[in-house]
Amino acid sequence: MAIPELVTAAGSGPQGQSLAIAVVGLWMVGVLALALLVRRRWPEQREWSRKLVHMGTGPVVLFAWALQIERGIALPVAAAVTVLTALNHRFRMLPAVEDVGRPSYGTIAYGASITVLLALFWPAQPAAVAAGVLVMAFGDGLAGLLGPLVRSPSWSLFGQRKSLVGTGAMAIASASVLTLLWILPAPGGAVSGMADWAAAGPPQAVAAIVLITAVAVGLEQLSAYGLDNLSVPLAVGLLWSLVRP
């Protein structure tokens, strides 16, 4: 089935919604399977599998947007996944998701932030949800992967090590995600944001993206216990809803 046909089918009643949920479910099964393979191949790199799940979860919001998953389905599913994540945090049923050798509630906070963003903005402002989730998924995900791998000046805040490379990765990934969301056609066939970019004036658009990126990077620095997984998505989503309603 072609993508346009898939989108059309997903928007057509209960059968379409079931198809959309199946697509999202298959994606997440693939992400978890890949994380388990990474964990088995590199057992000493416990952060890799966790960050893979972290980044792989982000595109789910784009699938939900493109396939027009209804609020009555998206919100309860996100809440249920958050509860399951909390249970996994307690009982370590899937170590590839949780076992990082340090106190962190990041996966629970991540699920909670997605749930709150859906409650606030879905389906009226799906781009606000996408902005918050994708900035955290790719910005924080790449920062967590590249920071420890590439030697660079580092510092410690509230017991958490931060580095120039990791912070730079967060900034670049966040700005890239926000720029793409601003100018590219939205999932489902909406008109490209390039016209809005030109109408509003590039300086204003750039200023908004720089502002949101700066807030995201600043909050990511305050990441004790993984709570930036809550603060960053919510702040980005709220700011996006204000600057690009």
- Just wondering, is there one or more residues in region 30-39 that are basic (K, R), at pLDDT below 90 and touching a Gly at 6+ places or on another chain (Cβ under 9 Å)? no
- When residues of region 197-224 are limited to those that are in contact with a strand residue (DSSP E or B) (Cβ under 9 Å, 6 or more places away or on another chain) and either modelled with pLDDT of 85 or more or part of a helix (DSSP H, G or I) (or both), the one surrounded by the most Cβ atoms within 10 Å (Cβ to Cβ): E220
- Message: Quick check on my filter: what residues within region 149-183 are surrounded by fewer than 17 Cβ atoms within 10 Å (Cβ to Cβ) and aromatic (F, W, Y)?
- Response: W155, F158
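If the requirement is being of a type in the set (G, A, S), closer than 21 Å to L242 by Cα, modelled with pLDDT of 95 or more and over 15 Å from the mean Cα position of the chain (by Cα), which of these qualifies: A128, A119, A171?
On the way: A128 fails: over 15 Å from the mean Cα position of the chain (by Cα); A171 fails: over 15 Å from the mean Cα position of the chain (by Cα).
Every option except A119 fails the conditions.
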- Item | The lone exception for V61 - which of (1) surrounded by 20 or more Cβ atoms within 10 Å (Cβ to Cβ); (2) over 21 Å from L142 (Cα atoms); (3) at pLDDT 90 or above it fails | (2)
- Hey, can you tell me all the residues within region 11-49 that are among the small types (G, A, S) and either in contact (Cβ under 8 Å) with a residue 40 or more places away in the chain or not in a loop (DSSP other than H, G, I, E, B) (or both)? G11, G13, G16, S18, A20, A22, G25, G30, A33, A35, S49
- Breaking point among (1) among the aromatic types (F, W, Y); (2) under 25 Å from L120 (Cβ atoms); (3) modelled with pLDDT under 95, for W240: (3)
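The values are calculated or read from the model by the stated rules, or taken from the named source; none is laboratory data. Keep in mind that what you see is a predicted model, and the values were worked out from it rather than measured. Cβ: placed from backbone, ideal geometry, glycine included. Neighbour counts: every protein chain shown.
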